[in-house]
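The values are calculated or read from the model by the stated rules, or taken from the named source; none is laboratory data. If you're wondering where the values come from, they're calculated on a predicted model, not measured in any experiment. Neighbour counts are summed over all protein chains in view; Cβ atoms, including those assigned to glycine, are modelled from backbone coordinates with ideal geometry. Accessible surface is based on the protein model in full, side chains and every heavy atom, while ligands, DNA and RNA are left aside. Shrake-Rupley method; radii C 1.70, N 1.55, O 1.52, S 1.80 Å.
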Amino acid sequence: MKFLLLTLITHQPDPVTGAVESPARRLRRAVDSARLAEELGYDGFAVGERHEDPFISSAPPVVLGHIAAVTSTIALFTGVTTLSLLDPVRAFEDYSTLDNLSGGRLELIIGKGNGAAQAKLFGVTTEDQWARNSEGYELLRLLWEHESVTWSGRFRPPLTEAKALPRPLQPRLRIWHGSATSRESVELAARHGDPVFSANVTHPVEPYAELIAHYRERWVAHGHDPAQALVGAGTAGFYLTRDSQDALAAYRPIFEARRAIARKHNLPIVFPTLEDFAERSSALIGSPRQVLEKVERYHEALGHEVIHLAADGDGLTDKQHRESLELFQAEVAPELRRRIPSRPLGAHRHLSEGSTR
């Protein structure tokens, strides 16, 4: 199994102390988290894309470009790239540049995005976001793999023998399709032989497992080898200590702050207590043994090879967050790597395929 740290670069009061960082400090802390992830031996680091409060992750290529400059081996992910909002030509230019600067460490996770700000800022609505996402993907893939592209579609001007630059380092980019409940996303992934990354954060595992089962069915229906299907999955929370009660005690104010936000915005509360959240959600909160058993239980349902953990310790002290990440790497990750085979990520993927880059 492979392990990513993911940040959406939330920018809001700390759920325990109430302190608020400046945007500059918050962005620098995201970069620091990526350096720590590489130092501790995590496989990848992902930066999300959101365009509304309480997030300031509106420019993943910029943040990942900075991270590429201060790291050397860790795979660089988006989580997700909201392709429905972007001009695919401009997205190609940004990510091809990043691919070159990072030494081929880039992998994209794409998705339609969500939130009311999309319609206000970009004019993208629920009525057209799926079509925009699909069309954007098709054009991005063409631009990545062909030096000259002639194309026409609904949402941007046509191209005639267009050459987008710079040419990428990776001749074929691995593009994951991020999805929570969307069959449209997994259908697009299965048709093109791409992997899927399940959000896996809001509900118990059952609806996510149902969607992944559908992905595997469609994968085979499109003529692909079942063994080649690739799945990743998120986690709803993360804090690891040697004693599970210590983990619950430290995480409780974080959980209560999240519930308060949900009530404020009239969002459904799926898990009414922290104990229920720790037991039935994908959150990894507890002792190494409990976390290992939770991941294996979810793996039985999803068959995933990659998971993401929270890159940010919001509500935890820096010491608590680092010790949690260290403990996971020391006692949980080695067992999961041993028990669950997985394919390489980032530049290591190309080395395993015989590339001389």
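Taking the Cβ of T273 as the centre, find all other residues whose Cβ is under 11 Å away and add up their charges (Lys, Arg: +1; Asp, Glu: -1).
Within the 11 Å Cβ shell, the charges total -1.
With just the Cα atoms of region 301-340, tell me how far they stretch along each of the three principal axes, in Å, largest first.
Result for region 301-340: principal-axis Cα extents of 33, 20, 12 Å.
Can you compute 3J(HN,Hα) from phi for each residue in region 98-113, using the Karplus curve 6.51 cos²θ - 1.76 cosθ + 1.60 with θ = phi - 60°, rounded to whole Hz and x for Gly and Pro?
With the stated coefficients, region 98-113 comes to 5, 4, 5, 5, 8, x, x, 8, 7, 9, 9, 10, 9, x, 6, x Hz.
Taking 7 Å along the Cα-to-C-beta vector as the label spot, tell me the Q12-K319 distance in nanometres, rounded to one decimal.
2.8
Could you pull out every residue, at least 5 positions away or on a different chain, whose amide H is within less than 5 Å of the one on L5? Hs are placed 1.01 Å off N in the peptide plane, and Pro or chain starts have none.
Amide H neighbours of L5, under 5 Å, 5+ apart: G44, F45, A46, L309.
Tell me which residues come under 5 Å, amide H to amide H, from S182 once H is placed; ignore anything under 5 positions away on its chain.
Amide H neighbours of S182: none.
Where the eigenvalues come from the Cα gyration tensor of region 246-357, what are the semi-axes √(5λ) of the equivalent ellipsoid, largest first, in whole Å?
31, 16, 16
Give me the net charge for the shell around L76: Cβ to Cβ below 14 angstrom, other residues only, Lys and Arg +1, Asp and Glu -1.
Net charge in that neighbourhood comes out at -1.
Name the trypsin sites (Lys or Arg not before Pro) in region 130-217 that are in a loop by DSSP and that have at most 15 other C-beta atoms within 10 Å, would you?
The qualifying sites are R154, K163, R172.
Viscosity 0.890 mPa s, temperature 25 °C: what is the translational diffusion coefficient of region 171-306 from Stokes-Einstein with a Kirkwood Rh over Cα pairs, rounded to a whole number of µm²/s?
Reported coefficient: 152 µm²/s.
How large a share of the accessible area of the chain, in percent, is made up of carbon and sulfur atoms when the probe is 1.4 Å and the other protein chains stay in place?
53
Take the Cβ-Cβ distance between R167 and E296 as r, set R0 to 41 Å, and report the resulting FRET efficiency rounded to the nearest 0.05.
0.45
Using the Karplus curve 6.51 cos²θ - 1.76 cosθ + 1.60 with θ = phi - 60°, work out ³J(HN,Hα) for each residue of region 54-67 in order, rounded to whole Hz, and write x for Gly and Pro.
Per-residue couplings from phi come out as x, 10, 10, 9, 7, 9, x, x, 5, 5, 5, x, 5, 4 Hz.
Considering the convex hull of the alpha carbon atoms of the chain, report its projected area averaged over all viewing directions, in nm², one decimal.
17.3
Just add up the charged neighbours of Q329: K/R +1, D/E -1, any other residue whose Cβ is under 13 Å from the Cβ of Q329.
Result for the local shell: -4.
Compute the distance from the alpha-carbon center of region 1-37 to that of region 100-136, in whole Å.
So the two Cα centres are separated by 22 Å.
Rounded to whole Hz and in sequence order, give me ³J(HN,Hα) for region 119-124 from the Karplus expression 6.51 cos²θ - 1.76 cosθ + 1.60, θ = phi - 60°, writing x for Gly and Pro.
Whole-Hz 3J(HN,Hα) from phi for region 119-124: 5, 6, 8, 10, x, 9.
Return the long-range amide H neighbours of A233 (sequence gap of 5 or more, or a different chain), with a cut-off of under 5 Å between placed amide H atoms.
Under 5 Å from the amide H of A233 lie the amide H atoms of S198, V306, I307, H308, each far enough along the sequence or on another chain.
Summing -39500 (n - 2.57) over the DSSP H runs of n ≥ 4 in the chain and dividing by its residue number, what mean residue ellipticity at 222 nm do you reach, to the nearest 500 deg cm²/dmol?
-14000 deg cm²/dmol
With a Förster radius of 41 Å, plug the Cβ-Cβ distance of V62 and Q245 into 1/(1 + (r/R0)^6) and report the FRET value to the nearest 0.05.
0.50
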